[in-house]
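Below: one structure, written as structure tokens.
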Amino acid sequence: MKKIVFITGAGISAESGITTFRDSDGLWEHYRVEDVASIEGYWRNPELVIGFYNDRRRQLGSVKPNRAHLLVAELEKMYDVTVVTQNVDNLHEQAGSSNIIHLHGELMKATSTDNPNDPDCIVTLPSTDSVINYGDKAKDGSQLRPFIVWFGEAVPMIEPAAEEVAKADIVVIVGTSLNVYPAAGLVNYASRNADIYLIDPAPHNVPQNMGVHVIAKKATEGMEELCNLLNNKE
Ligand code: OAD
């Protein structure tokens, strides 16, 4: 079985109704990244940051995976598929993908402020009562915090992600502005023989000199086109 690695970003969830970060009217036009998505912001005002992610989690409760997430999952019938996502939503899981690496954490999980990457401290929040309150404690007694990788923090999943990309026959980038490192550099781990596709209606920062096949469409239409292209190649 050939191996496909998807590298996904906020754009794949846009058609489900989750706003992206850097498009016009994106989240970063309404909030300051350094306030709500940085470790310094969390130290300054943990309640604000915890509340911001409670809102994101509430929004996630009202959306569903779209056709693009579903097609990524369906490709498992013909390919060995790994999804490397920068998204903290769980729409790839809901769509049925089996192998998912979350680079920037997961909204439906919480962890310890003192030891955020200690597996013993990471808990999955119940889907019915998924609010984190200021004052809730993690297993080690420190404040429970969202399991999100903030700016200024290490990205522990980047190495396993790079290993997957290096083994891929096909790499497909979907809906990311490729602005945020180290995620944006992952494609550089691809083998010289790999076929590389990029699906985005407004492609940014297209990797150069790698023969990237750009599909300048929204994720749902772009994924349909990708599946047709792959079928015709088989
Ligand atoms: P961005 O908001 O930076 O980029 C979203 C991309 O999706 C853009 O390239 C859009 O053109 C594209 N897009 C918009 N609508 C789309 C659609 N319907 N189908 C496909 N693509 C579409 O989001 P990311 O690149 O994911 O990190 O952002 C990376 C990281 O920056 C996030 O994980 C988050 C953020 O700060 C943290 O918070 C740590």
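The values are calculated or read from the model by the stated rules, or taken from the named source; none is laboratory data. Computed from a predicted model, the values in this text were never measured in an experiment. Neighbour counts run over all protein chains shown; Cβ positions are idealised from the backbone, glycine included. Please note that ligands, DNA and RNA were not included when accessible areas were found on the heavy atoms of the full protein model with its side chains. Shrake-Rupley method; radii C 1.70, N 1.55, O 1.52, S 1.80 Å.
Couple of notes before you dig in:
- Cβ-placed point charges (K, R +1; D, E -1), dipole of the chain about Cα centre in debye, nearest 20: 260 debye
- Most to least accessible of Val33, Val172 (protein chains only, probe 1.4 Å): Val33, Val172
- In terms of its C-alpha gyration tensor, region 1-115 has a prolate overall shape, because the principal axis ratio a/c (a ≥ b ≥ c, square roots of the eigenvalues) is not below 1.5 and a/b outweighs b/c.
- Pairs over the 19 Å Cα-Cα cut-off, from the set Lys2/Lys77; Lys167/Lys218; Lys3/Lys218; Lys3/Lys77; Lys3/Lys233; Lys64/Lys167: Lys167/Lys218; Lys3/Lys218; Lys64/Lys167.
- Sorting the segments 137-150, 42-55 by their residues' average number of neighbouring beta-carbon atoms within 10 angstrom, most packed first, yields 137-150, 42-55.
- The residues of region 172-234 have, on average, 53 Å² of accessible surface per residue, using a 1.4 Å probe with all protein chains present.
- Put a plus charge on the Cβ of each Lys and Arg, a minus charge on the Cβ of each Asp and Glu, and nothing anywhere else: the dipole of region 89-194 about its Cα centre is then about 200 debye.
- Across region 78-86, rounded Karplus estimates of 3J(HN,Hα) from the backbone phi angles (6.51 cos²θ - 1.76 cosθ + 1.60, θ = phi - 60°) give 10, 9, 7, 10, 10, 10, 10, 10, 8 Hz, Gly and Pro being marked x.
- Fraction of accessible area attributable to carbon and sulfur, the chain (%, probe 1.4 Å): 48 percent
- Solvent exposure of region 1-86 as accessible area per residue, Å², 1.4 Å probe: 47 Å²
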